[in-house]
Amino acid sequence: MQNIVLFGPPGAGKGTQSQKLIDKYGFVHLSTGDLLRAEIAAGTALGLEAKQLMDKGILVPDEVVVGMIDNKIKSNPDAKGFIFDGFPRTVAQAESLDKMMSQNNIKINGMIALVVDEEELTKRLLVRGQTSGRADDQNEELIRKRVQEYNSKTMPVADYYTGQGKYSAIDGIGEIDEIFTGICAVIDQF
Ligand code: B4P
């Protein structure tokens, strides 16, 4: 069983590459962004609370996303592996993930970080905003706020996995298929 953390700033290509990894390896996809958007669409209390923060480009509280991930791990006991997309986004989330994994007798094999500069991220997300309907992709100021949140709260998660000898970086600029080949080469070494 392989469990991978796909890491990177908003718009780095995590969702895009996750889809290709699912098709190739049969991983179960755990995207906290998707899970939160599903709660918003269903109009739950959690979704309403999350929407207020997401619309400002701010991370939702750790306990909310940790609870969602815990439920998903428990409800997929036969998974071939998990791909964590957009989670963990804080060091506290990373520590909780390690606890959840050990409670289920599984572990994270590695983190793969997609490296993309802020100008390219902003460009990609504004393009996606024209078609996605996502409020957080339609406003340049909001995109820059998300990148700031990433730099201050999420970047330290890379150090956390570096400390465990589990960090690999891939250039996230270029053809989607070339980037995918680079990611697969890392996974196939785990
Ligand atoms: P997410 O849904 O995770 O959204 P994201 O960071 O924008 O990344 P996404 O995966 O969607 O984009 P991708 O890079 O694939 O989070 C949304 C919000 O939810 C957060 O701001 C936060 O508020 C909240 N949240 C989520 N998880 C949380 C957590 N754990 N803790 C707290 N809060 C949390 O793609 C972007 C675009 O680039 C696409 O249009 C794609 O087509 C394009 N693209 C991809 N690869 C490309 C390439 N190589 N070249 C050119 N374009 C490319």
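At-a-glance table
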quantity	calculated
Per-peptide average of other Cβ atoms within 10 Å, ordering 96-103, 58-65, 129-136 highest first	58-65, 96-103, 129-136
Å² of accessible area per residue within the chain, as computed with a 1.4 Å probe and no ligands counted	49 Å²
Relative contact order computed over the chain (Cα-Cα under 8 Å; 6+ residues apart), in percent	32 percent
Surface/4 estimate of mean projected area, convex hull on alpha-carbon atoms of the range 115-190, nm²	6.0 nm²
Share of alpha-carbon pairs per 5 Å distance bin for the range 59-111, given as whole %	4, 18, 36, 27, 12, 3, 0
Cross-link partners of residue 51 among lysines (Cα-Cα below 29 Å; sequence separation of 8 or more within a chain)	14, 20, 72, 74, 99, 123, 145, 153
Given charges at beta-carbon only (K, R positive; D, E negative), |dipole| of the chain in Debye	380 debye
Cα-centre dipole for the range 63-112 with unit charges at Cβ (Lys and Arg positive, Asp and Glu negative), debye to 20	120 debye
³J(HN,Hα) computed for each position of the range 139-149 - Karplus, 6.51 cos²θ - 1.76 cosθ + 1.60, integer Hz, glycine/proline x	9, 4, 4, 5, 4, 5, 5, 5, 5, 4, 4
Protein accessible area in the range 91-176, 1.4 Å probe - carbon and sulfur %	49 percent
Check: the range 89-190 dipole with +1 on Lys, Arg Cβ and -1 on Asp, Glu Cβ, in debye	480 debye
If the convex hull is drawn through the Cα atoms of the range 1-133, its volume per residue in Å³	119 Å³
Ordering of 83-89, 163-169 by burial proxy (mean other Cβ atoms within 10 Å per residue, highest first)	83-89, 163-169
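The values are calculated or read from the model by the stated rules, or taken from the named source; none is laboratory data. Keep in mind that what you see is a predicted model, and the values were worked out from it rather than measured. Virtual Cβ from ideal backbone geometry, glycine too; neighbours counted across all protein chains shown. Heavy atoms of the whole protein, side chains included, go into the accessibility calculation; ligands, DNA and RNA do not. Shrake-Rupley method; radii C 1.70, N 1.55, O 1.52, S 1.80 Å.
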